[in-house]
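Taking it in order: structure first as structure tokens, then the write-up.
The values are calculated or read from the model by the stated rules, or taken from the named source; none is laboratory data. Source: prediction; values computed, not measured. Quick reminder, even Gly has a Cβ in these numbers, built from the backbone with ideal geometry, and neighbours come from all protein chains shown. Remember, those area values only see protein heavy atoms, side chains included, never the ligands or the DNA or RNA. Shrake-Rupley method; radii C 1.70, N 1.55, O 1.52, S 1.80 Å.
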Amino acid sequence: MAMVKKVSATVAEVIIRESGSVYTLVLKPHGRSVRYAAGQFLHLALADYDPSQPWPESRCFSMQSAPDEEVIRLTYAVKGGFTGHMAQKLSVGSDVWLKLPYGDLFTREHSRESTVFIAGGTGVTPFLSLFAHPRFATYRSPKLFLGLRSAAHDFYADELERAVQLNPDFLVTRCFQNQTGFIDSEQVLRAGLAQSAYFISGPPEMIFYFKDFLVKRGVEPDRILTDDWE
Amino acid sequence: MKFSGKIVKIPFPFTDLSGNKSRPALVVSEPDAYGDLKVLFITTSNARSFGQVLELSNECYSGEPLPFASKLHLDKAYLLSKDLIVKTLAAVTDKFLEQVLRSLVMTATTDHQTTKNSARDFVPGRSRVQYAGRVFDAHEVKNAVSASLDFWLTEGRFSEEFAEKIADFLDIDEVLLTNSGSSANLLAFSALTSEKLGERRLKPGDEVISVAAGFPATITPILQNGLVPVYVDVSIPTYNIDIDMLKKAITPKTRGVFLAHTLGNPFDLDAVVELCEQHDLWLIEDNCDAFGSTYKGKKTGTFGHLSTISFYPAHHITTGEGGAICTNDPQLAQLVRAFRDWGRDCYCAGGENNTCGKRFTQQFGTLPKGYDHKYVYSEIGYNLKMTDIQAAIGAAQMEKLPAFCEQRKANFRRYLEIFEPWKEFFVLPEATPGSDPAWFSFIITVKENAPLTRDQLTAELNARLIETRNLFAGNMTRQPAFVSRPGRIADHLQNTDKIMNNTFFLGTYPGLTSAMLDYTEEVLRDFIQRAAVVA
């Protein structure tokens, strides 16, 4: 993992989805290019960082861009004061401070045979950075189970289509809550082989549920890798 | 009652003492034993000022601002009795007052440095011609004072700035600061022993190739980690490893190459990198004497898996004590950081906690799950960090590095002119083909036909206050600390012994003046001519 660095960045694009409750930011970092691995996350601060003072209030966001891109993309849902402030304050040309990279989701040792990715809503974003990376082509028969509230919440269809082009064996299963209900855990279990890794990212309750289910059904805890923060 | 930070109306004396006028002023001290306090003049217009002027924006005030846009003149400072205060007009925030006081300290620091460092004339035969030394101005001292006023002490804002400037200069991804070039070598080498590298890790008993004609800090980390140094002879006049002998020195036990760019002269990087790739060897570049040298247009310190820099005062830039480790490999960077910071697994910066979001949920070693990650140690490490005051000096020095390198090259060329008439007696240094060294020094080997010995010449030069140095340890294998230590000599060290007996160097540091070099030329000519007559 690269050393953590603090960099300022300019908002290059803001994509507003779902009547203003979900936002995707495209950020252009200043100075030398930043290095990170697929699946890592960053701290974003709205206040100007004064190097003589402690790091200002910030929140963590997964980077959904591929590590070799010049920009960093991230998605957030407005859920509290900080993200509400982000939605109000950030527009094209705004400056933010970033501290990155953090996390080791895909750098932990894991099998690339029939890897199973389980995501809920915007929890798919850390996976997107891997799906857009040339390394994704080395995964054999990867499968994504993506839980969404409705078809209107399927924000990443283009990214997933490109991932299929990168790895034609990639199988995407969408589960719309308002149509077919939640992701079928039995189907998830069957999707993996004996050595397969299961990556889970999404709401804490979802992560807990699938982790617990998979362990109870005999999947070794080492093969279950999650993108969750305390 | 607290006075400092208040803006008061007070009669200001005219500078010719012909009268006074009541004006607003910022109080920047508490009254002394006589009731006098220091005030700074405020105007509403661009009044004549020879010092720094700060705008009093609305954010500067702790309450109601002055009714007019105002300017604070830092050079218009007076000591006046508090009894002269007519009334209080406003007050500034503590943050702004701190900024004002800091600016006053910075101005005084510049004045101090200008006085202290005013050029002293070089007097031939009475002034010393150093081989190396600090070259700095008020910028470095102001940065050091500023860091002292911050009193952050450990790695902070200046460390970030310094590391970033090095990364930009070298065009390398990761730069880690440490407390010396020797520590940099120790950390770079120790990182390669980490179990996290699996089968690639260096293990006790493995062999690492280096040279004996150099500084001990390139060899000691090999021994300190229980590995075996393999000493290969060097070529003259590049004073770098002999590539043919290096090829022959590689055995199945060889796992790494750890080499310095001798006195700024890059070793044959094409050949060494190719051999390392062929034999899957780690390469550490000891770049301590070559910060700014290039090889085929690329900076040294960017070819190996890891490289090191020294900021000891003799080097290209200085922080007093100090060093850095550079790499493009993120895993090696994290390992170096861990070895530098007590072996700690957590990578939170000083004063930060749980930036990874997994401080209390992971499991390491045989510790209980969730044991505080901040106190998990994954390496047998040290504490070798740099202070922010050192980094502040380094950040200022980086601005001067390109000019320093050019001056070193110019001084080297001048030495070539000086020694040209005597080249029948001396082996003059040559840059490695394809390289452009930012020379640490001008290295000379006295030929056997010379009418003087190395020791006679260096004794004369030093007696006449021209400093010289030998090529550090000469032949490392003959040093008392190394005689009985593990090590293998690859074939022979004939040139190394020759260097030990016949070689010395003169400084090329940017503090040398043309008068100093002219004096060196005169002393050299005088001594050689006398020696030739005697011979």
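Please give the per residue volume of the convex hull enclosing the alpha carbon atoms of the range B:427-515, rounded to a whole number of Å³. Could you put the intermediate results ahead of the total?
Details: hull volume 14.5 nm³, N = 89.
It is 163 Å³ per residue.
Once the Cβ-Cβ distance between A:ASP222 and A:ARG59 is put in as r, and R0 is 25 Å, what FRET efficiency do you end up with, to the nearest 0.05? Could you put the intermediate results ahead of the total?
Working: r = 30 Å, r/R0 = 1.19.
After rounding, the FRET efficiency stands at 0.25.
Please give the charge dipole size of the range B:82-222, origin at the Cα centre, charges +1 on K and R Cβ atoms and -1 on D and E Cβ atoms. Round to the nearest 20 debye. The partial results should precede the final answer.
Values: 16 positive and 20 negative charges, 139 e Å.
Around 660 debye, computed over the range B:82-222.
If packing is taken as the average count of other Cβ atoms within 10 Å, what order do B:137-150, B:304-317, B:332-345 fall into, highest mean first?
Values: B:137-150: 19.1, B:304-317: 25.6, B:332-345: 22.9.
Highest to lowest by the protection proxy: B:304-317, B:332-345, B:137-150.
Find the centroid of the Cα atoms in the range B:456-526 and in the range B:290-329, then give the distance between the two in whole Å.
Here the two parts' Cα centres lie 22 Å apart.
Please list, in chain and number order, the residues 5+ apart from B:PHE291 or on another chain whose amide H is under 5 Å from its amide H, with Hs placed from the backbone.
Correct list: B:HIS316.
For the range B:173-304, what does the alpha-carbon gyration tensor say about shape, rounded, prolate or oblate, given a ≥ b ≥ c as the root eigenvalues, a/c under 1.5 as rounded, and a/b over b/c as prolate?
Details: a/c = 1.43, a/b = 1.13, b/c = 1.27.
Rounded, because the longest to shortest axis ratio a/c is under 1.5.
Rounded to two decimals, what is Rg over Rh for the range A:109-215 when you use alpha-carbon atoms and the Kirkwood radius? Walk me through the numbers on the way to the answer.
Working: Rg = 12.9 Å, Rh = 13.8 Å.
Rounded to two decimals, Rg over Rh is 0.93.
How much of the DSSP bridge set in chain A is antiparallel, in percent, rounded to the nearest 5?
About 60 percent, rounded to the nearest 5.
Leaving out ligands and nucleic acids, note down the accessible area per residue over the range B:1-103 with a 1.4 angstrom probe, in whole Å². Don't jump to the answer; show the numbers that get you there.
Values: 5930 Å² over 103 residues.
Solvent-accessible surface per residue comes out at 58 Å².
Which far-off residues, 5 or more places away or on another chain, put their amide H under 5 Å from the one on A:GLY120, with H placed in the peptide plane?
Under 5 Å from the amide H of A:GLY120: A:GLY147, A:SER201, A:GLY202.
Take every DSSP beta bridge with both residues inside the protein assembly as shown and express the antiparallel ones as a percent of the total, to the nearest 5. Mind dumping the intermediate values first?
Details: 79 of 117 bridges.
Rounded to the nearest five, the antiparallel share is 70 percent.
Among the DSSP beta bridges whose two residues both lie in chain B, what percent are antiparallel, rounded to the nearest 5? Don't skip to the answer; put the middle values down first.
Values: 50 of 69 bridges.
Antiparallel bridges make up about 70 percent of those DSSP assigns within chain B.
Taking the 0 to 90 degree range and rounding to the nearest ten, how far is the long axis of helix B:514-534 tilted relative to the main principal axis of chain B, both from C-alpha atoms?
30 degrees
Report the normalised scattering of the protein assembly as shown as log10 I(q)/I(0) at q = 0.05, 0.07, 0.10 Å⁻¹, calculated by the Debye formula with identical scatterers on the alpha carbons.
-0.37, -0.69, -1.11
Beyond 20 Å between alpha-carbons counts as too far, so tell me which of B:LYS409/B:LYS447; B:LYS299/B:LYS400; B:LYS21/B:LYS87; B:LYS21/B:LYS76; B:LYS38/B:LYS116; A:LYS28/A:LYS99 fall in that bin. Before the final figure, lay out each step's value.
On the way: B:LYS409/B:LYS447 24 Å; B:LYS299/B:LYS400 17 Å; B:LYS21/B:LYS87 14 Å; B:LYS21/B:LYS76 14 Å; B:LYS38/B:LYS116 26 Å; A:LYS28/A:LYS99 14 Å.
As for pairs spanning more than 20 Å Cα to Cα, those are B:LYS409/B:LYS447; B:LYS38/B:LYS116.
Within the range B:403-535, what whole-number % of the accessible surface is contributed by carbon and sulfur, with the 1.4 Å probe and all protein chains included in the calculation?
On the way: 2960 of 6100 Å².
Carbon and sulfur atoms account for 48 percent of the accessible area of the range B:403-535.
Please say if chain B is rounded, prolate or oblate, where rounded means a/c under 1.5 for a ≥ b ≥ c the square roots of the C-alpha gyration tensor eigenvalues, and otherwise the choice is prolate for a/b larger than b/c and oblate otherwise? Walk me through the intermediate numbers first.
On the way: a/c = 3.24, a/b = 1.50, b/c = 2.17.
Note, shape of chain B comes out oblate.
Under 17 Å from a point placed 7 Å out from the Cα of B:ASP244 along the Cα-to-Cβ direction: which residues of the range B:481-499 have their backbone N that close?
Inside the label zone: B:490-496.
Under 5 Å between amide H atoms, partner at least 5 residues away or on a different chain: which partners does A:LEU105 have, H built in plane at 1.01 Å?
Counting only residues 5 or more places away or on other chains, the set is empty.
Can you tell me the Rg and the Dmax, both Å, for the Cα atoms in the range B:269-328?
12.4, 39
With θ taken as phi - 60° and the coefficients 6.51, -1.76 and 1.60, list the Karplus ³J(HN,Hα) couplings across the range B:401-409 in order, rounded to whole Hz; mark glycine and proline as x.
3, x, 5, 4, 4, 5, 5, 4, 5
Could you run the Karplus curve 6.51 cos²θ - 1.76 cosθ + 1.60 with θ = phi - 60° over the range A:156-162 and give me ³J(HN,Hα) per residue in whole Hz, x for Gly and Pro?
Ordered by residue, 3J(HN,Hα) equals 10, 4, 5, 4, 6, 5, 5 Hz.
To one decimal place, what orientation-averaged projected area in nm² is obtained for the convex hull of the Cα set of the range B:336-415? Walk me through the numbers on the way to the answer.
Numbers: hull surface 32.0 nm².
If you wrap the Cα atoms of the range B:336-415 in a convex hull and average its projections, you get 8.0 nm².
Distance between Cα centroids, the range B:357-388 to the range B:158-181: provide it in whole Å.
24 Å
Taking chain B as the reference, fit the longest principal axis to its C-alpha atoms, fit the long axis of helix B:181-191 to the helix C-alpha atoms, and give the angle between the two in degrees, 0 to 90, nearest 10.
So the helix axis and the longest Cα principal axis differ by about 70 degrees.
What are the lysines whose alpha-carbon lies under 20 Å from the alpha-carbon of A:LYS143, with same-chain residues fewer than 8 places away excluded?
A:LYS211
Taking only DSSP H segments of four or more residues, each worth -39500 (n - 2.57), what value at 222 nm results for the protein assembly as shown once the sum is divided by all its residues, to the nearest 500 deg cm²/dmol? Don't skip to the end; give the middle numbers.
Numbers: 17 runs with 213 residues, N = 765.
Value at 222 nm, helices only, nearest 500: -8500 deg cm²/dmol.
Would you please classify the overall shape of the range B:267-400 from the alpha carbon gyration tensor, given that a ≥ b ≥ c denote the square roots of the eigenvalues, rounded means a/c under 1.5, and beyond that prolate means a/b larger than b/c while oblate covers the rest?
Numbers: a/c = 2.95, a/b = 1.49, b/c = 1.97.
Here the range B:267-400 falls in the oblate category.
If I fit a long axis through the Cα atoms of helix B:157-170 and take the longest principal axis of the Cα atoms of chain B, what angle between them do I get, 0 to 90°, rounded to 10?
40 degrees
Over chain A, what is the mean sequence separation of C-alpha contacts under 8 Å (at least six apart), divided by residue count, expressed as relative contact order in percent?
Numbers: 469 pairs, mean separation 45.9, N = 230.
Relative contact order here is 20 percent.
Just the Cα atoms of the range B:379-445: what Rg and Dmax do they give in Å?
18.0, 56
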